[in-house]
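The values are calculated or read from the model by the stated rules, or taken from the named source; none is laboratory data. This one's a predicted model, so the numbers in the text were calculated from it and none came from an experiment. Because the Cβ atoms are built from the backbone with ideal geometry, glycine has one as well, and the counts that use them run over all protein chains shown.
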Amino acid sequence: MAYEPIWMEDPSKLNKFEFAKIQKDGLDVIRTIIEEYADKGYAAIDPDDMLRFKWAGVYEQKPKDGYFMMRIRINSGVLTSAQTRAIASLGRDYGRGLIDVTTRQAIQYHWLKVEDMPDIFKRLEEVGLYSYEACGDCPRTIVGNPLQGIDKDELMDTSALVEEVNDFFLMNRDFSNLPRKYKMSISSNIHNNGNAEINCLAFTPAVKVIDGAEVIGFHAHVGGGLSAKPFLARQMNMFIRPEEVLKVAEGITVIYRDHGYREKRHHSRLKFLIADWGVEKFQEKLLELIGPMPERGEDKTVGWTSSYYDGVHPQKQEGLSYVGLNVPVGRLNSDELDELARLADEYGDGTVRTTQSQNIILAGVPNEKVDALLAEQVLERLTPFPNRFMSRTVSCTGNEFCNLALVETKEFAREVAKYLDNELGRIDEEVRIHFIGCPNSCGQKHIADIGLQGALVKTPEGMVDAFDIAVGGTLGPDATFNTALKGRVRHDRVAPVLKELVLFYKNNKLEGETFHKY
Ligand code: SF4
């Protein structure tokens, strides 16, 4: 498809970030890092290039004194053991051994220096991994079903399809200058393992009878996203055969690239274009580009697992199981990750899989080996049988490393989960609690049973950390964002307030009622 940067026709409609992108493509910064900044060091970095570092998957870390965080994209969260070892060893060599699993199935390092980056890029590439375009105004990590290929509840194995779409978009200069970040999800799991509704573009399982035969394919959803103005993606009226997914993804991305807003950065995501145009007009525009498509078929999404897989579960392959592990608030270390790579080889199919709930799955374990796997020492902390609240607590990076954060989140989330487990450990209720440090919502606060967003409150002792609380978020067929409760709770009151909230829910809920449905 022709690449015509039509947004340049009226430069008065461009924000200042857009001019930096026109002057130098974000992807070009990778070469500049390797050839220039790695030698000259942090002080030599041009401020505009610092903005472009995101295309290398790199952000400046708080407090902007020479250290960086880096994100590694992982398609559907599926890593080989060799890739897992490479990630562990790079984390040990350059990132103080700290490994974070993100809510988009990526891995995040901290404490990197610009001098380290050429070696990191090279060693990642050697195992087929990239940090490139894990951040920036471009197509990012494609999230999906971490159980792809082993899942009893998927209509088809999406592994090859996700690779195909990823390979098309990754480092593709036709799409390296989008108005803003662009998030895709592809899953054929009937329990919405791809968290479809919060993506710019999502493919979900569907079937349709065509020429007398039932065809397995997808429905497409567009315009989802979180942050300060969250939107649920809306379904288009078309059925997409697997071999047409890339064509549809390309067409939608072209429309976003050429018609997405570039005037205000906080109003540039695809969700704003869809909200203004409506999904019907957007679809008309798409069909002009890609030609006619069959109308929607039968939707096969029946619920939402909320991306949790802890415990031991049968795979679609007879005699094999996968084991979902809890990674408390998504943080582990290089030694633990190395151990998981060893376990994947010794007991499983050699894969280590990250989830959108910031956890990890080991797969392909013969049933007779499960007990021995469960006895391994590393699973004492990364346990498949976690305490109730620790198992369902998600947190963004927070002000430990993130320049946009208003408050600390990760350690705080861990402390709150521990408190709730101590106080309410025997409770039956399963409550998903998400913490975020600012409205950007990397910790996906809006889809939590209880979502907490960091803020500051004035007290006699000065400004202190506090949280706004919202309840009742979910995805899947009942998808809805959570609703804000009145008031703001200072940090030292958050744990007891959540305890009261959970107890109130337990004691007052009606038959069949859940946090989001009443
Ligand atoms: Fe940083 Fe805000 Fe994202 Fe948390 S939600 S990691 S504070 S940008």
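For every residue, the table says whether it meets (1) assigned to a helix (DSSP H, G or I); (2) in contact (Cβ under 8 Å) with a residue 24 or more places away in the chain.
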{"site": "37", "(1), (2)": "yes, yes"}
{"site": "43", "(1), (2)": "yes, no"}
{"site": "50", "(1), (2)": "yes, no"}
{"site": "59", "(1), (2)": "no, yes"}
{"site": "72", "(1), (2)": "no, yes"}
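Considering every residue within the range 147-159, establish whether at least one is under 22 Å from residue 225 (Cα atoms), among the polar types (S, T, N, Q) and in a loop (DSSP other than H, G, I, E, B).
No: zero hits.
Quick check: is even one residue across the range 145-167 under 29 Å from residue 64 (Cβ atoms) and in contact with a Leu (Cβ under 8 Å, 6 or more places away or on another chain)?
no
Conditions (1) in contact (Cβ under 8 Å) with a residue 60 or more places away in the chain; (2) crowded, with 16+ Cβ neighbours inside 10 Å; (3) in contact with a His (Cβ under 9 Å, 6 or more places away or on another chain); (4) of a type in the set (Lys, Arg), marked per residue:
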residue	(1), (2), (3), (4)
217	yes, yes, no, no
240	no, yes, yes, no
247	no, yes, no, yes
251	yes, yes, no, no
261	yes, yes, yes, no
264	yes, no, no, yes
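Does any residue in the range 394-417 that is more than 24 Å from residue 306 (Cβ to Cβ) come within less than 8 Å, Cβ to Cβ, of a residue that is more than 8 Å from the ligand (Cβ to nearest atom) and part of a helix (DSSP H, G or I) six or more places away or on a different chain, and which pairs are these?
What qualifies is 400/410; 400/411; 407/491; 408/400.
Which members of the range 214-258 meet the condition of being among the acidic types (Asp, Glu) and under 29 Å from residue 442 (Cα atoms)?
250, 258 - these are the residues of the range 214-258 that are among the acidic types (Asp, Glu) and under 29 Å from residue 442 (Cα atoms).
I need the full set of residues from the range 406-434 which are in contact with a helix residue (DSSP H, G or I) (Cβ under 6 Å, 6 or more places away or on another chain), surrounded by fewer than 21 Cβ atoms within 10 Å (Cβ to Cβ) and within 13 Å of residue 454 (Cα to Cα), in order please.
Hit for the range 406-434 is 408, nothing else.
Output the residues belonging to the range 382-405 that are under 12 Å from residue 359 (Cα atoms), among the charged types (D, E, K, R) and surrounded by fewer than 20 Cβ atoms within 10 Å (Cβ to Cβ).
Passing the criteria: none in range.
One line per residue, one yes/no per condition, for (1) of a type in the set (Gly, Ala, Ser); (2) out of contact with any Cys (no Cβ under 7 Å at 6 or more places or on another chain); (3) within 28 Å of residue 353 (Cα to Cα):
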| residue | (1), (2), (3) |
| --- | --- |
| 42 | no, yes, no |
| 53 | no, yes, yes |
| 82 | yes, yes, yes |
| 103 | no, no, yes |
| 112 | no, yes, yes |
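Okay, residues lined up against (1) at pLDDT 95 or above; (2) buried (at least 22 other Cβ atoms within 10 Å of the Cβ); (3) on the phi > 0 side of the Ramachandran plot:
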position: 54; (1), (2), (3): yes, no, no
position: 57; (1), (2), (3): yes, yes, yes
position: 69; (1), (2), (3): yes, yes, no
position: 85; (1), (2), (3): yes, no, no
position: 91; (1), (2), (3): yes, yes, no
position: 96; (1), (2), (3): yes, no, yes
position: 100; (1), (2), (3): yes, yes, no
position: 104; (1), (2), (3): yes, yes, no
position: 130; (1), (2), (3): yes, no, no
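When the residues of the range 464-486 are filtered to those that are under 23 Å from residue 100 (Cβ atoms) and within 16 Å of the ligand (Cβ to nearest atom), which remaining residue is surrounded by the most Cβ atoms within 10 Å (Cβ to Cβ)?
Checking each candidate, the answer is 467.
Do we find that residue 394 is within 16 Å of the ligand (Cβ to nearest atom) and either more than 29 Å from residue 448 (Cα to Cα) or at pLDDT 95 or above (or both) in this structure?
Yes.
Could you tell me which numbered condition residue 413 fails, if it satisfies all but one of (1) within 16 Å of the ligand (Cβ to nearest atom); (2) out of contact with any strand residue (DSSP E or B) (no Cβ under 7 Å at 6 or more places or on another chain)?
(2)
Only residues that are more than 16 Å from the ligand (Cβ to nearest atom), of a type outside the set (A, V, I, L, M) and either at pLDDT 95 or above or within 19 Å of the chain's Cα centre (by Cα) (or both): list them for the range 417-463, please.
418, 419, 421, 422, 423, 432, 449
For residue 498, indicate whether it is buried (at least 22 other Cβ atoms within 10 Å of the Cβ), more than 16 Å from the ligand (Cβ to nearest atom) and modelled with pLDDT of 95 or more.
Yes, satisfied.
I'm told residue 172 meets every condition in (1) within 16 Å of residue 76 (Cβ to Cβ); (2) in a loop (DSSP other than H, G, I, E, B) except one. Can you identify the failing condition by its number?
Residue 172 satisfies every listed condition except (1).
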